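Encoded as structure tokens, the structure appears first; notes follow it.
The values are calculated or read from the model by the stated rules, or taken from the named source; none is laboratory data. Treat the numbers as computed from the prediction; the structure is a model and nothing was measured. We place every Cβ from the backbone using ideal geometry, glycine too, and count neighbours over all the protein chains shown.
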Amino acid sequence: MWNWLKSSKTLALKQELDNAVFETEQGEASKIKVIVITGTSGSGRKGMAKRLSTDLGIPYILPYTTRAIRPHEQDGVHYHFITSDQFQSMVEKHVFFQTVYLERGSYGIAEEELSQPAIVVVNREGAQAFRKHYGNEAIRIFLYVTKDDIRLRLEREEAPDEIMEEYLHNYTEQVIYKKESEYLLQNIEPAATIEKIKEFLQDKL
């Protein structure tokens, strides 16, 4: 049995969420417009979003970023890599639905690319923005792993030391947000995680 099922608190939350009915103010069942994948850095959020996109036929919205491209990454596959000037120009033209500014670079999701339904990967602030705008029509799925898992993954990817330090430093603050999300999973085995998410979303799309 998966570790995330061992917690009675998690079991209770899962049961509550599985039985939940997402409703509009009129009391009618509300279909999900945005699947928001959030969680701890290094938990496999983007990989899970892309797999969901393929399996469910729902577009994954690729973010724009000004951060430096890493050795294993490709423009248009992992992100839309742009310059700071290009990013600022898009901000001034109100292109982005949501932006976040980090030390390593800026990130944004273009509003016109938000088809319905859509899948996005964002941090805590982004998840809150989508929930505030879409209400119950945005559902937040929180993925997390242990610090050891993050360290091993980044070592495999040959990520710079400063990235590993940043991910591990921010872990505690990030993992707290799981209490605010509609569904949470410890991403121990990706194949099992994807099936659990699809099961959870089955009657909500």
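Name the single residue, out of those in the range 106-161 being in contact (Cβ under 8 Å) with a residue 24 or more places away in the chain and of a type in the set (Asp, Glu), that is nearest to residue 58 (Cα to Cα).
The residue in question is 113.
Tally time: how many residues in the range 55-76 are over 15 Å from the mean Cα position of the chain (by Cα) and outside any loop (DSSP other than H, G, I, E, B)?
Qualifying residue count, the range 55-76: 4.
So which residues in the range 100-130 are within 14 Å of the chain's Cα centre (by Cα), more than 23 Å from residue 51 (Cβ to Cβ) and either at pLDDT 95 or above or not polar (S, T, N, Q) (or both), if there are any at all?
At the first step, the residues of the range 100-130 found to be within 14 Å of the chain's Cα centre (by Cα) are 100, 107-109, 118-130.
If we keep only those that are more than 23 Å from residue 51 (Cβ to Cβ) too, we end up with 100, 108, 125, 128-129.
Matches in the range 100-130: 100, 108, 125, 129.
Condition test on residue 81, is it aromatic (Phe, Trp, Tyr), touching an Asp or Glu at 6+ places or on another chain (Cβ under 7 Å), surrounded by 12 or more Cβ atoms within 10 Å (Cβ to Cβ) and not assigned by TED's automatic domain parsing to the domain that holds residue 46? Step through it out loud before you land on a result.
Details: aromatic (Phe, Trp, Tyr): yes; touching an Asp or Glu at 6+ places or on another chain (Cβ under 7 Å): yes; surrounded by 12 or more Cβ atoms within 10 Å (Cβ to Cβ): yes; not assigned by TED's automatic domain parsing to the domain that holds residue 46: yes.
Judged against the criteria, residue 81 is a match.
Is one or more of the residues making up the range 163-174 outside any helix (DSSP H, G or I), among the hydroxyl-bearing types (Ser, Thr, Tyr) and over 16 Å from the mean Cα position of the chain (by Cα)? Don't jump to the end; show me each part of the working.
Start the filter on the range 163-174 by keeping residues that are outside any helix (DSSP H, G or I), which leaves none.
Among the residues of the range 163-174, not one is outside any helix (DSSP H, G or I), among the hydroxyl-bearing types (Ser, Thr, Tyr) and over 16 Å from the mean Cα position of the chain (by Cα), which makes the answer no.
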